[in-house]
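One structure is given here, and the rest of the page talks about it.
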Amino acid sequence: MEVITVANNKGGVGKTMQCYQLICHLANKGHRVLAVDLDSQANLSTTLGVQIQRTLIPEWLIGDVNFEDVVVPAENTEHELFENVSVVPSSRHLANLAKLLILSEGEVRKSAGRKERLMRLRLEEATSEFDYVVIDTPPMLGDELIMALVASNRILIPTQAQDYSIDGLEELMDTFEIIKDTENPDLRFSIIPSMVNLRRKIEKQRLQELSQSFDITPPIRNLVQMQESISLGKPVFAMGNKSKGAQDYAQLWESLEL
Ligand SMILES: Nc1ncnc2c1ncn2[C@@H]1O[C@H](COP(=O)(O)OP(=O)(O)OP(=O)(O)O)[C@@H](O)[C@H]1O
Ligand SMILES: [Mg+2]
């Protein structure tokens with residue numbers, strides 16, 4: 001089983017888009033996929049057709065409820081690939097996680113040693129039935145993101161080719177290095193240029209600079225059909241093989257061996 005986290009502490013860079021397309025791609029190949037939504041905005045849950053009043057993710061992480069109590073099937077009857085997708089959905093209640101972690105400090109220490117290891121522990125207990133776990137994270141360097149990184153084999157980092165976006169990467173890379181050194185030596189990362197407009201000279205230039213500091217993957221372009229894919233609840237590869245979005249993602253998955 002492989003655990004993949006999509007992360008960037010900057011907001012609106014295409015994390016949830018990346019998760020959705022990846023989940024659909026893997027499920028369409030016949031893999032059993034668990035989607036974990038660690039963002040209280042719950043955008044991934046909604047895109048997978050799941051809306052709930054109150055998520056039990058905080059209670060699951062601290063060990064008060066079981067995996068069976070937090071997991072539901074994806075709700076999308078349009079395409080058979082969704083039969084392979086299960087979801088641990090989010091809601092605004094996830095914002096209580098920090099508080100609950102403080103209140104349960106003693107139990108957490110007993111079960112996981114440190115709170116950072118909770119997600120890894122829960123996934124180990126629960127996920128023999130899945131080939132892949134894909135985790136969406138909120139746009140901040142908080143408990144959710146740290147726990148996801150400790151639990152993961154790899155992290156995908158969608159990045160826009162703009163100054164402030166690239167500056168923000170440093171903070172995330174520092175966190176990545178700390179987690180690699182302390183908790184998860186095998187963690188790998190990939191930087192994915194996201195929502196790119198190659199007709200803009202400045203973006204082209206920034207991408208070139210970025211590729212001097214990091215190995216970057218083929219880019220995902222800024223395309224209207226990507227937004228349609230989310231609003232229709234239909235993965236981009238199902239929009240026809242002439243679709244530019246489908247082509248971009250096909251190249252990306254190939255480069256990532258996914
Ligand atoms: N390649 C793309 N082309 C055009 N629009 C895109 C593309 N990728 C994402 N979008 C749109 O940009 C917006 C932000 O994308 P998304 O929600 O995936 O970002 P995010 O990083 O998850 O945001 P947040 O930090 O708020 O969770 C959405 O409206 C989405 O549909
Ligand atoms: Mg998001």
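A few notes on this one:
- When each of the peptides 228-239, 56-67 is scored by how many other beta carbons lie within 10 Å of its residues on average, the order from highest to lowest is 56-67, 228-239.
- A Förster radius of 35 Å, combined with the Cβ-Cβ distance separating Lys244 from Glu209, puts the computed FRET efficiency at roughly 0.90.
- Cβ-defined net charge surrounding Val50, 14 Å radius [Lys, Arg +1; Asp, Glu -1]: -3
- Using a simple spin-label model with pseudo-atoms 7 Å out from Cα toward Cβ, Arg114 and Ile102 lie 2.0 nm apart.
- Centroid-to-centroid separation of region 45-104 and region 203-258 [C-alpha atoms, Å]: 27 Å
- At R0 = 30 Å, FRET efficiency that the Cβ-Cβ distance of Glu183 and Ser255 yields, to 0.05: 0.65
- Kirkwood hydrodynamic radius over Cα pairs of region 181-258, then Stokes diffusion coefficient at 25 °C and 0.890 mPa s, in µm²/s: 173 µm²/s
- Placing +1 on the Cβ of every Lys and Arg and -1 on the Cβ of every Asp and Glu, with no other charges, gives the chain a dipole of roughly 760 debye about its Cα centre.
- Other-chain or far-sequence residues with amide H under 5 Å of Arg221's (modelled H): Val196
- Cross-link pairs beyond the 24 Å C-alpha cut-off, checked among Lys29/Lys234; Lys204/Lys244; Lys15/Lys180; Lys201/Lys244; Lys10/Lys201; Lys99/Lys180: Lys99/Lys180
- For region 203-245, backbone nitrogen atoms closer than 11 Å to the point 7 Å from Asn197 Cα along Cα-to-C-beta are found at 203, 222-223.
- Net charge of Cβ neighbours under 15 Å - reference Gly12; Lys, Arg +1; Asp, Glu -1: 0
- Per-residue extension of 0.36 nm, minus the Cα-Cα distance of Glu83 and Asp64, leaves a gain of 4.0 nm for this segment.
- Within the chain, the selection of entire DSSP H helices by a Cα span of 27 Å or greater along the long axis and an average Kyte-Doolittle value of at least -0.5 returns 163-182.
- Calculated [θ] (222 nm, deg cm²/dmol) that DSSP helices of n ≥ 4 give over the chain, each run adding -39,500 (n - 2.57): -13000 deg cm²/dmol
- Once C-alpha pairs closer than 8 Å and six or more residues apart are averaged by separation and normalised to the residue number of region 2-255, the relative contact order reads 25 percent.
- One quarter of the convex hull surface built on the alpha carbon atoms of the chain amounts to 13.1 nm², the projected area averaged over directions.
- Three-way shape label, region 114-258, alpha-carbon gyration tensor, a/c 1.5: oblate
Each reported figure results from applying straightforward, stated rules to the coordinates on display, with no laboratory input. Note that the coordinates shown come from a computational prediction; the quantities given were computed from them, not determined experimentally. Ideal geometry is used to build each Cβ from the backbone, glycine not excepted, and the neighbour counts take in all protein chains shown.
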